[in-house]
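Okay, so here's the structure we're looking at.
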Amino acid sequence: MNDRFSTTELRVSEFERYSRQIMLDNWGELGQLRLKNSSVVIIGCGGLGNVVATYLAGAGVGAISLVDGDDVELSNLPRQMAFDRDSCGLNKADELTQRLFTQNDEIDIHVNPLFLDADNIGELLPHHDLVIDCSDNFETRRLINRWCVINKTPLLSASVIGWQGQALLVLPNTGYGCYQCLFDEIPKQKNSCQSLGVSPAMVGVIGSYQANEALRFLLKSSSKLSSHISLIDGADFSVNQFLRTANPQCDVCADMKEPNND
Ligand SMILES: [Zn+2]
């Protein structure tokens, strides 16, 4: 059994490694211990997953599970910085795991080189403090959202396409609804990086934002994303945050009888 779980102190090497973040307000040794005792699952090891996993591993999140059945392609390399030409043709979750191991050998990384689906979601998502959705399609986002709402598991979801990105945090029993309250229909047109393109640097921006919010959640700091959706436009770098409201017709969360904050 790993000695990391429920550990109550940091090793000397950890004090040195994490010294620049431990000195932050609302972080400290207690915050670092919280990260060390935290477990997250990241679905999707492409653009956003690369960035999120790299920052969370670097920051010392104690257990990180990676899920992705996709292989690295040459067209991924402009924005998926954990990969290089030698990665092409190899599984993304495997390749990202190798990168994270070299970055930080004081955490646990669990690799799941397969696509998330309705059959395996019940095995892959439980026992994590936070589910981080870095997937690239509506069907998977809706599947993850449904599981998280039903199982009352916090969900941090983000996406980026073209020059725009968005992020939201869905917490149980807040009254601010779920992902599907906002996106209740799958668009007829395939909206994906493959069909519409994506700015590599905006992937870095949104992934960094998602990583920052994940860390704040694990540190038990407040996040506006728990009640708002953020929309970021890289064309003029505008950031707009809109208060979310639960959709009473939502076929995922409407029956959960969440208390309304109003
Ligand atoms: Zn909903």
Relative counts (whole %) of C-alpha pair distances in the chain, using bins that are 5 Å wide: 1, 6, 13, 17, 19, 18, 14, 8, 3, 1, 0
For the chain, calculated [θ]222 nm from helices alone, where every DSSP H run of n ≥ 4 adds -39500 (n - 2.57): -9500 deg cm²/dmol
Relative contact order (%) - criterion: Cα under 8 Å, at least six apart; region: the chain: 19 percent
Candidates Gly122, Gly207, Gly165: whichever shows maximal mean-square fluctuation once the chain is modelled as a Gaussian network with Cα springs under 10 Å: Gly122
Leu231 paired with Asp108, simple spin-label distance in nm, labels 7 Å along Cα-to-beta-carbon: 4.1 nm
Under 13 Å, Cβ to Cβ, from Leu125 - net charge with Lys/Arg +1 and Asp/Glu -1: -3
J(HN,Hα) series, segment 34-41, from Karplus relation 6.51 cos²θ - 1.76 cosθ + 1.60, nearest Hz, glycine and proline x: 4, 5, 4, 9, 9, 9, 10, 10
Ranked packing of 57-65, 20-28, 143-151, most packed first, by mean Cβ within 10 Å: 57-65, 143-151, 20-28
Whole-Hz ³J(HN,Hα) from phi, Karplus 6.51 cos²θ - 1.76 cosθ + 1.60, for segment 121-135, glycine and proline x: 4, x, 9, 8, 8, x, 6, 10, 6, 8, 9, 10, 8, 10, 6
Estimated FRET transfer efficiency when R0 is 25 angstrom, pair Asn212-Val12 (beta carbons, to 0.05): 0.35
Fraction of antiparallel bridges per DSSP, the chain only, in percent to nearest 5: 50 percent
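Readers should treat all values here as calculations from the given coordinates under stated rules, not as data from a laboratory. Since we're looking at a predicted model, the values are computed, not measured. Positions of Cβ are generated from backbone atoms using ideal geometry, with glycine treated the same way; all protein chains shown enter the neighbour counts.
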